[in-house]
Each structure stands twice: as C-alpha cells, then as structure tokens.
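These notes concern the structure reproduced below.
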Amino acid sequence: MIELIDVGLQRGSFRLPATSLKIDARQCCVITGAAGTGKTTIAEALCGLQSIDTGTLLLRDQVANNIPVAQRGIGYLPQDVALFPNMSVSANIGFGLSVNRWPKEKKRARISELADQLQLNELLQRVPRQLSGGQQKRVAMARAIAIFPDIICLDEPFVSLDDDSKTLITDLLSDLRSKSAPTILVVTHQPQWITEISDFEYRVQSRSANTA
Amino acid sequence: MRSYVGISGFAMIASTFLILFARSANQGHDAVVVLCAASLAGPVTELQEAFQSSKLNADGLSIDVLYRGSPELLALHRISGVGDLLIAADVHYHRVFVETEICDAPMPLGKQFPCLIFTSVSEKDALSILNHGGVTTSLPKPQHAAIGRAVAKIVGAQTYQRMLQNARVSRETVTQVATDVSNGVVDVGCAWTTTPRQFSNLKNVVPPHWDQYESQVGVSVFYASQKRAAANAFRKFCASPAGQNIFADHGFSAPTASAKNLASAPQK
Amino acid sequence: MNRSNGPSANSDRRFDAVLIVAAVVFSTVLLALIGANVWVAGLDRIGVWETLKQTEIQQALWLSIGTSVYSTVISLWVGTAIAHLISQRQFWGCRFIDLLMDLPVFLPPLVIGISLLILFRQTPLVWFDEWFHIAFAVPAIIVAQTIVGTAFVYRTMKATFDQHAGRIEGIAETLGASRWQVFSRITLPASKQAIVASIAIAWARAFGEFGPVLVFAGSFRGRTEVLPVSIYLELNSGNVAGAAAISLLMILIAAIVLLLVRFTSRDRFTSRAGSPR
C-alpha cells in the first residue's frame, strides 16, 4: 500500500537520509525516533507537502513522487494541527466533504457522527482560536478522517492531550481498524499509547548513525 | 469567494454609473479640443461658453480646453497629437509651431503688455526690482512662460538671469506668479497687463519702455486636426466682434498685426 | 525584579515621554495642515461656496469617486492574482516580476503619466487608442490609477501570502481541494485583513492620483477633471480659497472612507473575546 524506497531529501541544512519502509494495506505502522531525525519529514513527504529529491514513493502500488497533493487521498493530521482559522469547527471538519462535493445531508450526518466520537458536540460553532490545544487536535483528527481515506497519516496525535483525550484517539483508531480498516501511519515519540493497536514500529535512525 | 465577486461586480457597476452620471453633461469624443496658454483661462473660458450658445455654432459643437504653459502644450501636442486649435499668449510660440509645420498661421485676437504686479509695496519699490531692490520677487522662467521670455527680451537675457537668481520663487506660468503675489508670498512679480483682472487685490505698473513689447494673443489650427471645419468655426468666432468684446473685457487691446504679418512660414 | 520603582522606571518614563512628544508634535502638524485649509477657506466663504456650487466640481466629485472605485476593484483582482502566483510558484522570471511590480511605487508619478502618453500615442499601439479613446478621456484616468494601485495591492497581498507560507493551504490540499478551491476558500478568507488594507491603500492612491492624470488624461474642465485636477485648475486661476475648499472636500471624503474601511475590517471572528478554557 505504501512503500518508500531509498527516499531522501534535503531542505537547507536538514537532510533526510535515504529511508526505506513498507506498509501493507490495512496495517498500522508507528514511526518513532529522536527529535530532529525527520519523522515529520517522512509524513510530509508521504502526503506530498515535501517533494522528494531521491528515491521512489509508491502509493497503492503506483509511483507517487509527482502525484499532486490533492490527489493522494491521504487523511493527514499535521503536528501543528493547522486548522483553518477563518472557519468554524464544523466547517473545518466538513472541509474535505465540501470540496469532494458531498450532499448536504450526508455531510451533516458525517460531521455529527465525528463530533460524537471525538466529543466535539459543544464546540461545533466555535472558531479554532477559541479552542484549547487538545480540542484543536481532536478537530484536526476529525477533519483528517472525515472522508474515509484509505490511508491515514497522523503526526504526533498524542502531544498536548490529556489522558482522556488520548484514550479517545486510541479508541477511535481501533474502531477505524475494525470497520473501514485504513492503512495507518502514526508518527509519535509516545509509542506506548499506540503499541496495542499497531502492527509494527519503524525507528528512524539518528542522523549521526546514518551520516557516519 | 462568491461575496468578493458580488461586491466587486456591484462596485464596478455602481462606479460605471457614477462616471456616466458625472459626464452626462459633457459629451465626449467629438468635442473640439483647444490647447490654451494658462494665462488666458479667463477670456477663453468665457469664449468657450459664449460659442457653445452662439448661433455661429450651428452644429452644436462642444469645446474642451486644456490650459498649460505654451511650451508644455507644444510638447503634449507633439507626443500625443491632442488638440485642434492653439491659443498662445505670444505669437512667438505660433511661429515655432508654424515653422515646424504643426499649425497654420495665427489669427490675432488681442494685445497685452508685460508689467510688474504687487499688492502692498509702493510703485517705487516695485520698480526697484530692476536694480537690486530690497523686495522679494516671483518671476516666470523664460523657457516655460511667454511672460518670462518677454521680460528677458526687454531687460536683456543676462540681467534677467541675475534677477531670477535673486528671486524668491521662479515659476512656469504667469498665473502661478500672480497667485504668489496675491497671496503675499512675495512682494512683486512679472505678469501681463491683463493678469490683475483675475485677482481682486493686484495692482500693476508698466515700467518705462516695457510697453514697446507687445504680446499678441493668437489662435491657429493644427494641421493634424481631424475636425478642421469645426476648429475654423471656433476660430472665426474668436475673431468676431462678440469674441473680440470678451478679450476687450479682460483688458486686451485690439490686435494690430494682421495674420499675414505674424506668419513667417509658408501657408499650407 | 520590581519594575515599578528603581532606576528602570525612570528611564521607562523618559522613553515614553519621547514617544508621546513625537506623536503629539506630528499630530499637531497634521491638524495644522487641515486647519490651514479651513482658515483660508473661511476667509473667503463666498468664494468657497461659488467654487463648490460649480457643476464642474460636482462632476469632478462623482468622477473621482467613480474612477477610484473602478480602478480599486481592478487593482485588487489583478494585484491579488499576481501576488498569489509569485508567492506560491517558483518559475523562471518570477524574481524579475517581483521587482517589476515595485516599479510604479518608486517611480515619480509624472514618469508613469508621460510613459503612458508615449505608449498610447507614439508607438504602434496608437490604433488601440484610436479605437477605444483612452488618452485624454476617462479611461486614461482609470488606467493611470490602476497602475499604481495594483503595485500597492501586490505588495500588501504578497506580504500576507508569504507569511502564511502556504501551510494551511497545503493541509487543505491533502483534503482533496483543488488549487482554485484552496485559493477561494482558504487563502482569500484568511487574508481578509490584508484585502481590506489593500483596498484602503489602493483607493486612497487612486483618489489622490494627480501627476499621471494631468499628463495622460489632460485637465479638461468637467470632462477628465477629478478632484486633484480641480485643485490644480482652481489654483491656476488664482482661486486659492476654492482650492482649499476642494482640498477639504477630499479630506472629508477620505476620512469617511477610511473610517468605513476600519469599521468593516473588524472581523467577526477576531473581534469575539477570548477563549472559553
């Protein structure tokens, strides 16, 4: 489903050494590693937010190096959540549904379903700057999975969450796995929260080890 | 996004209406365009109105006038071809135009003389600017204004250059000079004998011999004009008794020279 | 570290005093400039009335508002489009375009006017002018105003687009949004403040545009006469009080519009108070 073959890139002084990784369909992979080793870069390269200098990226068994971001169909939760500041919470969650032209009724139903699952019901009419960090993360999570993507990429989903919220996310993920069963890639430095549902762990080598 | 498009569209339509509304009184492209020396704004504005309502204007022509310094008018016409008629404060400019085959020989309209203008100082003090007086002056530049050229010719180019260096202000048009004097920015300035008519508080004195330099106001038609018949109709009106009366009202003396004398270049 | 007393408090007070003096002195100068117009106009109230009563001045008023709004709308769309392109895409020549867009801001206005006049009347483009009657007509005013306005819109919008650096735009794309959807639903709404600022500055420039209008559109009474040209014409016929009166009229309109802009720029999201944590 997802395969990175010697993928490497360079941005200024930061260099992602050639990385190879394969995740089969419906698997859940956890990427761990020390800070600054390029975990987030891998996630962004997967979504197309970083272009790849060397190597090959395969998505659904196709070379995806040059597939535009919008056509990759990856539900992405960015590390900095990056909610749309000028939209309400429900518009944020429903953005992917709107641009994919879901009918109004279906869209409303999906938003309320997600709001139930992630306990966002009270917040739907607020704007992002009125939310706490944890609430924002949950909104971004709902936004990422709203259109039932078959690949989900979560960058630090547990940072700045209280334990209840963390459980909420893990429950959601295991629920997803049992129902639509997407391919999941989770970047985190707190793997203990997800070991139960993940299939395997990929550890990004520290830079010194690679460049030496 | 839709709201931006909507607001933009509404603003465009509304402003188009405003522009059309603003212009509804003066209809556009077929107007005869007169390039006119800025100092003649008084009489020419009246001529314009009188012509538009006169029976000589059988075709209902409208007249648009561009008031600038004469050299600037020449430049504008050369660059853009704008203008059907030229009214300059001094036929010297017509000669330049005629020699370069830009316009035909001028028809004289009136006569004026250079003078000194002042408000609060005495006549004697005003005259003292000719020999290092203690008064402040605003003087027209010879290369920009007909009056500057005239005075420079009378007192001598070098003397006038010295006067310009001592002047507090040097200006491009006679009206600017008159405004300076009228506002009390300076004590004395050089202008035409007709200039004080536009300003309630200006007095003037003609220094000895200055009246030997007479400036002929003339009107000619540009060869490039595409409305020569209409332009000629307006020119005829300017030279008619009705037009001449307007010039007389503004202090111009009757012209002395005939059109032939003024033109040194061959007629086309 | 108690900052309310000790030597640091004194130096803070001195620092504030310097700032306050600068603010007060400059505000006084600006008010005095307006006051000077009021004073001159007040000395000749009949003259002022006679001036403002002229149909030409009323036409100039409507023409000024009409053309400035028209050119502001064009400037806004063109400037925003170019700013978005340069900010989002790297291509051969984009640095050059970026530099070029600054040109109208740095050039003396007269240069723009004379260049426009030469372009439309001296080059092969003259057929275009013969066809559409641009030079020495109302379109000339709009063209002149738009050129400078677009440059200002470009500067303002590009600064905003660069600041976002496309982060939320990229996220929107991962959700399947096309570039057009991203632009219309994410970029534009997020740039509302910048758009309002662009409108204000482009309109103000257009409303006060004088040099290029004088050269390119002429100063035909009642035909291509916008308010700054009216001031010039009144001044040239020695009517100082009238010129001051029109200046005051322009100040008044500008003040109303800027207040209006301030009022509408208060975003319904940003004005709502604090977070409910």
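Averaged per residue, what accessible surface does chain C expose to a 1.4 Å probe, in Å²? List each step's numbers first, then the result.
Working: 14220 Å² over 277 residues.
Ligands and nucleic acids excluded, the result is 51 Å² per residue.
How big is the antiparallel share of DSSP beta bridges in the protein assembly as shown, given as a percent to the nearest 5? It would help to have the intermediate numbers written out before the result.
On the way: 33 of 64 bridges.
Counting DSSP beta bridges with both partners in the protein assembly as shown, the antiparallel share is about 50 percent.
Ignoring ligands, DNA and RNA, how much accessible area is buried between chains C and B, both sides summed, with a 1.4 Å probe, to the nearest 100 Å²? Could you put the intermediate results ahead of the total?
On the way: alone 17040 and 13470 Å², together 27160 Å².
Counting both chains, the buried surface is close to 3400 Å².
Per residue of region B:204-210, in order, report the coupling 6.51 cos²θ - 1.76 cosθ + 1.60 (Karplus, θ = phi - 60°) as ³J(HN,Hα) in whole Hz, putting x for Gly and Pro.
The phi angles translate into 9, 9, 9, x, x, 6, 5 Hz.
Starting from the Cα gyration tensor of region C:45-273, take the square roots of the eigenvalues, sort them a ≥ b ≥ c, and report rounded, prolate or oblate (rounded when a/c is under 1.5, otherwise prolate if a/b is larger than b/c, else oblate). Write down the numbers at each step before the final one.
Values: a/c = 2.87, a/b = 1.55, b/c = 1.85.
The shape class here is oblate.
When the helices in chain B are scored as -39500 (n - 2.57) per DSSP H run of 4 or longer and the sum is shared across all residues, what 222 nm value do you end up with, to the nearest 500 deg cm²/dmol?
Numbers: 11 runs with 113 residues, N = 268.
Result for chain B, helices only: -12500 deg cm²/dmol.
Among A:Leu131, A:Leu118, A:Leu77, whose mean-square fluctuation peaks in a Gaussian network model of chain A (Cα, cutoff 10 Å)?
Maximum fluctuation in the GNM of chain A, among the listed residues, is at A:Leu131.
According to a simple spin-label model (label point 7 Å from Cα along Cα-to-Cβ), what is the distance in nm between A:Gln71 and B:Ser8?
2.8 nm
How many nm separate the modelled label positions at C:Ala9 and A:Ala109, each set 7 Å beyond the Cα in the direction of the Cβ?
6.8 nm
For the pair C:Glu130/C:Thr264, report the inter-label distance in nm, with labels modelled 7 Å from Cα in the Cβ direction.
Distance between label points: 4.2 nm.
Could you compute the FRET efficiency for A:Asp53 and A:Leu21, with r as their C-beta to C-beta distance and R0 at 22 Å, rounded to 0.05?
Working: r = 17 Å, r/R0 = 0.76.
That pair, A:Asp53 with A:Leu21, gives E of 0.85.
On average, how much accessible surface per residue is there in chain A, in Å², for a 1.4 Å probe, leaving out ligands, DNA and RNA? Before the final figure, lay out the partial values.
Numbers: 9180 Å² over 212 residues.
Accessible area per residue, chain A: 43 Å².
Would you work out if region B:114-212 is rounded, prolate or oblate? Take a ≥ b ≥ c from the square roots of the eigenvalues of the alpha-carbon gyration tensor; rounded if a/c is under 1.5, else prolate when a/b is larger than b/c, oblate otherwise. Could the numbers behind the result be given before it?
Working: a/c = 1.28, a/b = 1.20, b/c = 1.07.
Taking the square roots of the gyration eigenvalues as a ≥ b ≥ c, region B:114-212 is rounded.
Taking the Cβ-Cβ separation of B:Glu99 and C:Gln58 as r and a Förster radius of 51 Å, what is the calculated FRET efficiency to the nearest 0.05?
Details: r = 43 Å, r/R0 = 0.85.
Efficiency for this residue pair is about 0.75.
Under a 5 Å amide H to amide H cut-off, with H placed in plane at 1.01 Å, what residues pair with B:Arg171 once short-range neighbours are removed?
B:Leu139, B:Lys141
Can you tell which of A:Phe200, A:Phe95, A:Phe158 shows the greatest fluctuation in a Gaussian network model of chain A with Cα springs below 10 Å?
Sorting by GNM fluctuation, first place goes to A:Phe200.
Give the relative contact order (percent, whole number) for chain C; include only Cα pairs under 8 Å separated by 6+ residues. Please report the intermediate quantities before stating the final value.
Numbers: 275 pairs, mean separation 83.1, N = 277.
Dividing the mean separation by the residue count of chain C yields 30 percent.
Find the lysine pairs in chain A meeting two conditions, Cα atoms under 19 Å apart and a separation of 8 or more places or different chains, and report how many there are. Numbers along the way, then the final one.
Working: A:Lys22/A:Lys39; A:Lys39/A:Lys137; A:Lys106/A:Lys179; A:Lys137/A:Lys166.
Lysine pairs meeting both conditions in chain A amount to 4.
Relative contact order for chain A using alpha-carbon pairs under 8 Å, separation at least 6, rounded to a whole percent? All intermediate terms of the calculation are to be shown ahead of the outcome.
Details: 363 pairs, mean separation 65.3, N = 212.
Relative contact order, chain A: 31 percent.
Please report the antiparallel percentage of the DSSP beta bridges confined to region B:114-212, to the nearest 5.
Taking every DSSP beta bridge within region B:114-212, about 60 percent pair in antiparallel fashion.
Counting pairs of alpha carbon atoms under 8 Å apart in space and at least six apart in sequence, what relative contact order in percent does region B:114-212 give? Write out the running numbers ahead of the final one.
Values: 183 pairs, mean separation 42.0, N = 99.
So the answer I get is 42 percent.
Using a Gaussian network model of chain B whose springs link C-alpha atoms within less than 10 Å, name the residue from B:Arg168, B:Arg149, B:Arg23 with the highest mean-square fluctuation.
Per the Cα network of chain B with a 10 Å cutoff, B:Arg23 tops the list.
With n ≥ 4 as the cut-off for DSSP H runs, can you work out [θ] at 222 nm for chain A, using -39500 (n - 2.57) per run divided by the number of residues, rounded to the nearest 500? Each step should come with its number before you reach the end.
Details: 6 runs with 68 residues, N = 212.
Per the formula, -10000 deg cm²/dmol.
Could you tell me the total accessible area buried at the A-C interface, probe 1.4 Å, in square angstrom to the nearest hundred?
Working: alone 10340 and 17040 Å², together 25010 Å².
Buried surface at the A/C interface: approximately 2400 Å².
The values are calculated or read from the model by the stated rules, or taken from the named source; none is laboratory data. Just so it is clear, the structure is predicted and the values come from calculations on it, not from any experiment. Don't worry about glycine lacking a Cβ; one is built from the backbone with ideal geometry, like all the others, and counts go over all protein chains shown. These area figures cover heavy atoms from the full protein model, side chains too; ligands, DNA and RNA do not enter into them. Shrake-Rupley method; radii C 1.70, N 1.55, O 1.52, S 1.80 Å.
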